[in-house]
Amino acid sequence: MREKLAILGGEPLRKEPFPKPFFIDDKELNLIIKTVKNNCFSSYVGAARSDIEMILKLKSKDAFDYGLTYWNPLGGENVRRFEKDFAEYHSVDYAVAVNSATSGLSAVLGALNIEVGSEILVPSISFSATALSCLPFNCVPVFVDVDPRTYCISPDDLERRISSATAAIIVVHLLGNAVDMDKILKIAEKYNLPVIEDCAQSIGVKYKGRLTGTMGVAGVFSFQETKNIMTGEGGMIITNNPELAKKCRLIRNHGENAAAPDWTDEDLTSIIGFNFRMTDLQAAVGVEQMKKLPKILKVRKALAERYNKAFYRKKNIIIPFVPKGY
């Protein structure tokens with residue numbers, strides 16, 4: 001005789017709730033307390049200063065070491081430290097902290113000066129934010145089929161969707177699986193299209209030895225609490241392009257930084273900004289989370305392998321496809 005399901009009054013197999021998906025300890029708490037005691041919560045300001053152009057193009061390492069005052073265009077000490085650590089981990093010049101990956105994707109599209117009404121190619125399977133991030137700068141998402149094994153964007157269908165209105169490609173490294181970037185970048189080069197990597201679910205994931213987010217014009221990451229590392233909510237843009245970094249820094253801060261006297265008309269356009277800023281309290285969590293990233297990735301990988309092994313020979317269950325060499 002079969003036992004009743006718990007929902008029908010049977011004995012539940014698990015009586016304690018599942019643990020939270022994130023790893024946190026007193027180190028995050030201690031840095032948050034220190035930040036509160038120092039009265040450092042945001043620190044952003046759009047103030048006129050003679051070195052504004054230089055500051056907006058400072059590499060993340062240099063921005064942290066520059067000795068900026070409390071009120072400055074790049075945010076508080078924890079934000080700049082988090083950016084420095086994140087940039088160093090990915091071996092890129094710039095990391096720009098934002099309040100979500102959705103904001104980060106929108107900021108990158110704005111920083112690319114894409115014309116109103118342009119089409120952005122996005123995968124048909126992803127979190128809604130990938131497509132919705134196109135709307136703040138009046139772009140139109142065009143959906144592309146995905147590879148049924150990885151659920152990542154299909155390079156073959158991608159090329160079929162390119163039109164005269166296409167202005168950029170957003171790829172999504174979904175659920176820890178990396179996009180076939182060799183094929184994507186070859187197509188992008190053929191049609192002279194920038195590739196933005198949505199890495200919300202792929203912090204620390206490698207594609208043929210290269211970290212996701214480092215192969216396109218920019219990579220965008222999420223720190224929502226279910227991600228590999230988290231700040232509750234938050235995101236990060238990475239790039240090696242100084243002009244892109246500069247405009248992303250402006251866009252996240254309402255676009256309100258005072259312009260330098262020698263800025264051109266092009267410098268002064270497409271700086272419609274929003275409040276995409278990350279607070280210093282969130283960044284304090286991120287600083288400590290970065291130190292835990294190798295351990296977190298190891299634990300998550302072991303858990304995934306355990307599930308795959310358990311379900312490998314189960315009828316009617318298809319385990320995730322893991323490409324070789326990734």
Practice prompt. Once you've got the Cα coordinates, tell me which of LYS59/LYS295; LYS183/LYS324; LYS247/LYS295; LYS27/LYS324; LYS4/LYS315 are over 25 Å apart.
Written response: LYS59/LYS295; LYS247/LYS295; LYS27/LYS324
Discussion item. Between ASP93, ASP26, ASP198, where does the largest GNM mean-square fluctuation fall for the chain, given springs only between Cα atoms within less than 10 Å?
Written reply: ASP26
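Of the listed peptides 37-44, 167-174, what is their order by residue-averaged count of other C-beta atoms within 10 Å, with the highest listed first?
Numbers: 37-44: 15.2, 167-174: 25.0.
Output ranking for 37-44, 167-174: 167-174, 37-44.
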Fill in: Those Cys residues of the chain for which no other cysteine Cβ falls under 4.7 Å
CYS40, CYS152, CYS199, CYS248
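Which whole-number percent gives the relative contact order of the chain, counting Cα pairs below 8 Å spaced six or more residues apart?
Working: 621 pairs, mean separation 73.2, N = 326.
Relative contact order, the chain: 22 percent.
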Worksheet item: Roughly how many Å² is the accessible area per residue of the chain, as a whole number, for a 1.4 Å probe?
Response: 53
Fill in: Rounded if a/c under 1.5, otherwise prolate or oblate - the range 174-326, Cα gyration tensor axes
oblate
Fill in: Relative packing of 289-295, 106-112, which averages over residues the other C-beta atoms within 10 Å, highest first
106-112, 289-295
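With viscosity set to 1.567 mPa s at 4 °C, what whole-number translational diffusion coefficient in µm²/s follows for the range 36-157 from Stokes-Einstein and a Kirkwood radius over Cα pairs?
On the way: Rh = 16.9 Å.
My calculation gives 77 µm²/s for D.
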Discussion item. Would you report the distance distribution of C-alpha pairs in the range 162-246 as whole percents per 10 angstrom bin, up to the bin with the largest distance?
Written reply: 18, 47, 29, 6
Worksheet, complete the sentence: Largest fluctuation, PRO73, PRO21, PRO123 only, Gaussian network model of the chain with Cα springs under 10 angstrom, belongs to PRO21
Discussion item. With a 1.4 Å probe and all protein chains left in place, how much of the accessible area of the chain comes from carbon and sulfur atoms, in whole percent?
Written reply: 55
Worksheet item: Taking the chain as the region of interest, what is the percent of Cα-Cα pairs per 20 angstrom bin, listed from the shortest bin to the one with the maximum distance?
Response: 31, 53, 15, 1, 0
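Please give the calculated 222 nm ellipticity per residue for the chain, where each DSSP H segment of at least 4 residues contributes -39500 (n - 2.57) and the sum is spread over every residue; nearest 500 deg cm²/dmol?
Working: 11 runs with 117 residues, N = 326.
One gets -11000 deg cm²/dmol as the mean residue ellipticity at 222 nm.
The values are calculated or read from the model by the stated rules, or taken from the named source; none is laboratory data. All values derive from a computational prediction rather than experimental measurement. All Cβ positions, glycine included, derive from the backbone under ideal geometry; neighbour counts span all protein chains shown. Heads up: the accessible areas ignore ligands, DNA and RNA and are worked out on the full protein's heavy atoms, side chains in. Shrake-Rupley method; radii C 1.70, N 1.55, O 1.52, S 1.80 Å.
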